[in-house]
Amino acid sequence: MNNTTQPIVRMQQLNKHFGSLHVLKHIDMQITPGEVVVVIGASGSGKSTLIRCINGLEEFQSGFLEVDSNELRPYGKSSEALQTIRTEVGMVFQQFNLFPHLSVIDNITLAPMKVRGWSRTDAVEAAKRLLERVGIADQADKYPSHLSGGQQQRVALARALAMEPRLMLFDEPTSALDPEMIGEVLDAMRELAKEGMTMVIVTHEMGFAREVADRVVFIHQGEITEEGPPEKLFDTPQHERTQSFLARVLKH
Amino acid sequence: MEVNFQFDWLAAFESIPHLLPGIPWTLLISFGGLAIGFFIGIFFGLLRISPLRWLRWPAIFYVEVFRGTPILVQVLFIFYGLPQILGGPINALVAGIAAIAVNSGAYISEIVRGSVQSIERGQGEASLSLGLSRTQAFRYVIWPQAFRRMIPPLGNQAIISIKDTSLFSVIGVGELVRQGQIYIATTFTALEVYFMVALMYLAITWTLSIVLRQLELRGLAGQ
Ligand SMILES: Nc1ncnc2c1ncn2[C@@H]1O[C@H](COP(=O)(O)OP(=O)(O)O)[C@@H](O)[C@H]1O
Ligand SMILES: [Mg+2]
């Protein structure tokens with residue numbers, strides 16, 4: 001085990017451009033093991049891009065980024081560190097991105113077998129435990145298209161957890177779900193947070209954010225405008241932009 | 001003008017045993033050519049989507065050349081032209097298979113490219129986020145899905161290539177049309193014989209269509 005006081009993510013003066021668009025501006029961010037960080041902000045503010053930099057799905061142009069002591073360099077010039085980071089960082093996507101040609105169990109066992117080199121027996125056993133944990137043990141042999149959205153997202157969560165990640169990234173995990181299915185996914189995430197998983201969550205579920213977050217980060221046009229514990233950020237936001245954003249989203 | 005003809009059913013029926021020997025040749029040329037064309041197609045189709053420009057370029061060139069010239073010219077070039085370079089004759093069967101291979105290969109590489117590119121971005125991203133390498137992501141996630149989507153257009157290409165082999169009567173390979181021509185030369189029953197030749201092509205292509213439909217119904221092809 002690493003020294004737990006050492007940050008698992010260290011981001012300093014990170015800048016990211018899409019062509020001429022400056023999407024992330026001088027981002028400084030540290031995440032401590034066990035911490036649950038919720039990222040909020042308007043659509044297009046750079047939330048997805050920010051967390052996708054952490055597992056190298058987006059490359060950045062300047063700044064420093066270290067994940068679990070592996071340094072990711074600008075322009076994606078660090079493929080070995082990248083590979084290590086991706087085996088240690090799990091991600092859940094808005095659109096689930098399950099593999100439609102594989103059964104639920106095969107979705108979950110693929111990476112442990114191919115990346116970690118586990119035997120099929122071990123991988124299946126672990127997968128079944130995870131499915132039980134997210135409450136869908138009976139769906140193991142089905143194909144993703146035969147599951148509800150909420151079930152699919154829980155499979156996606158189990159699939160990411162199967163790699164035994166040290167950090168989990170969530171990019172609007174409930175935004176594509178019908179309202180009645182949001183609860184079951186949030187419950188699974190809540191459990192995970194309780195168990196001490198380090199999580200970075202992009203979400204518009206403010207109630208959930210207030211409940212599980214250790215820290216909320218508000219991002220506006222690619223800049224971290226304000227951050228703090230949920231009570232502080234939600235109840236007494238300091239910046240006008242945070243206030244107007246919260247006024248807009250909390251109305252609904 | 002008075003139309004005065006009689007369709008001689010007996011002549012049509014009698015031509016069958018003389019045409020049947022053409023079927024194995026037609027099948028051999030088309031499926032032999034398609035099998036090679038499939039590998040050519042995978043090769044150039046994947047080059048075509050490579051991130052490296054100098055790999056893409058030969059693939060684009062290949063497709064443009066063989067899609068942009070008639071297959072009849074291609075087979076004539078191979079059968080009559082190449083021997084001048086090689087210094088020896090080329091077997092007509094080999095020339096026919098080669099023509100189908102290079103021609104279908106060009107179309108199949110476009111099929112391969114299109115199918116691979118049609119797989120949602122999120123599939124590759126999910127794979128990478130799980131720690132799979134790019135190669136593993138391609139092999140276990142992208143390719144199996146792309147392959148299913150390839151089956152319907154590949155079937156379509158197979159039907160086109162089967163019909164294309166009819167042109168190879170010009171190089172004297174004994175496929176269906178050639179057998180018909182030889183038979184007609186002695187019986188002068190062009191109407192009946194070409195009618196039967198057409199039926200035989202239909203029998204082949206229809207069978208193929210049915211097989212493909214079954215694959216799609218069983219969910220092994222398409223989405
Ligand atoms: N692949 C891309 N190419 C070009 N621009 C992009 C791309 N992805 C995102 N952007 C732009 O970057 C900005 C931030 O996007 P994103 O991180 O997705 O925001 P959020 O997740 O907060 O809605 C937006 O203006 C978006 O249009
Ligand atoms: Mg987003």
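Tabulated results
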quantity	calculated
Unique match (being among the aromatic types (F, W, Y) and within 13 Å of B:I111 (Cα to Cα)) among B:F38, B:F13, B:F31	B:F38
Among the residues listed as B:A106, B:A99, B:A126, the single one being within 14 Å of another protein chain (Cβ to nearest Cβ), surrounded by 21 or more Cβ atoms within 10 Å (Cβ to Cβ) and assigned to a helix (DSSP H, G or I)	B:A126
Residues being near ligand 1 (Cβ under 8 Å from one of its atoms) and either under 19 Å from A:Q6 (Cα atoms) or surrounded by fewer than 22 Cβ atoms within 10 Å (Cβ to Cβ) (or both) - total across the range A:28-44	3
Among (1) within 19 Å of B:A137 (Cβ to Cβ); (2) more than 16 Å from ligand 2 (Cβ to nearest atom); (3) of a type outside the set (V, I, T); (4) in contact with a strand residue (DSSP E or B) (Cβ under 9 Å, 6 or more places away or on another chain), the one test that A:L157 misses	(1)
Selected residue (criterion: nearest to A:A137 (Cα to Cα)) from residues of the range A:101-110 that are of a type outside the set (V, I, T) and either within 7 Å of chain B (Cβ to nearest Cβ) or buried (at least 24 other Cβ atoms within 10 Å of the Cβ) (or both)	A:N107
Failed item, numbered, when A:Q95 is tested on (1) within 11 Å of another protein chain (Cβ to nearest Cβ); (2) assigned to a helix (DSSP H, G or I)	(2)
The one condition in (1) facing chain B (nearest Cβ under 10 Å); (2) within 16 Å of ligand 1 (Cβ to nearest atom); (3) of a type in the set (D, E, K, R) that A:E59 fails to fulfil	(1)
Spans of helices (runs of 4 or more DSSP H) in the range B:21-78 with at least 1 residues surrounded by fewer than 21 Cβ atoms within 10 Å (Cβ to Cβ) and among the hydroxyl-bearing types (S, T, Y)	B:53-67
Meets criteria (surrounded by fewer than 22 Cβ atoms within 10 Å (Cβ to Cβ), within 16 Å of ligand 1 (Cβ to nearest atom) and charged (D, E, K, R)) for A:E71	no
Residue in the range A:143-164 that is surrounded by 21 or more Cβ atoms within 10 Å (Cβ to Cβ), within 16 Å of ligand 1 (Cβ to nearest atom) and of a type outside the set (F, W, Y) present	no
Residues within the range A:156-191 that are in a helix (DSSP H, G or I) and either under 12 Å from the mean Cα position of the chain (by Cα) or within 14 Å of another protein chain (Cβ to nearest Cβ) (or both), tallied	7
Residue check for A:L65: more than 22 Å from A:E205 (Cβ to Cβ) and either within 12 Å of chain B (Cβ to nearest Cβ) or under 12 Å from the mean Cα position of the chain (by Cα) (or both)	no
For A:G90: the one exception among (1) surrounded by fewer than 21 Cβ atoms within 10 Å (Cβ to Cβ); (2) assigned to a strand (DSSP E or B)	(1)
Cross-chain or 6+ apart pairs with Cβ under 7 Å, the range A:7-27 first and away from chain B (no Cβ under 14 Å), then within 13 Å of ligand 1 (Cβ to nearest atom) and among the small types (G, A, S)	A:H22/A:G222; A:V23/A:G46; A:V23/A:G222; A:L24/A:G46; A:L24/A:G222; A:K25/A:G222
Sole exception among (1) in contact (Cβ under 8 Å) with a residue 40 or more places away in the chain; (2) near ligand 1 (Cβ under 10 Å from one of its atoms); (3) at positive phi; (4) not polar (S, T, N, Q) for A:I51, by number	(3)
Complete set of residues in the range B:109-123 that are of a type in the set (G, A, S) and either at the interface with chain A (Cβ under 7 Å from one of its Cβ atoms) or without any contact (Cβ under 8 Å) to a residue 60 or more places away in the chain (or both)	B:G114, B:S115, B:S118, B:G122
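To keep it simple, each residue is scored yes or no on (1) modelled with pLDDT under 95; (2) β-branched (V, I, T); (3) touching a Ser or Thr at 6+ places or on another chain (Cβ under 9 Å).
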| site | (1), (2), (3) |
| --- | --- |
| A:S43 | no, no, no |
| A:L50 | no, no, no |
| A:C53 | no, no, no |
| A:S62 | no, no, no |
| A:N70 | yes, no, yes |
| A:R73 | yes, no, no |
| A:G90 | no, no, yes |
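The values are calculated or read from the model by the stated rules, or taken from the named source; none is laboratory data. All of these numbers come straight from a predicted model, not from anything done at the bench. Note: ideal-geometry Cβ built from the backbone for every residue, glycine included; neighbour counts use all protein chains shown.
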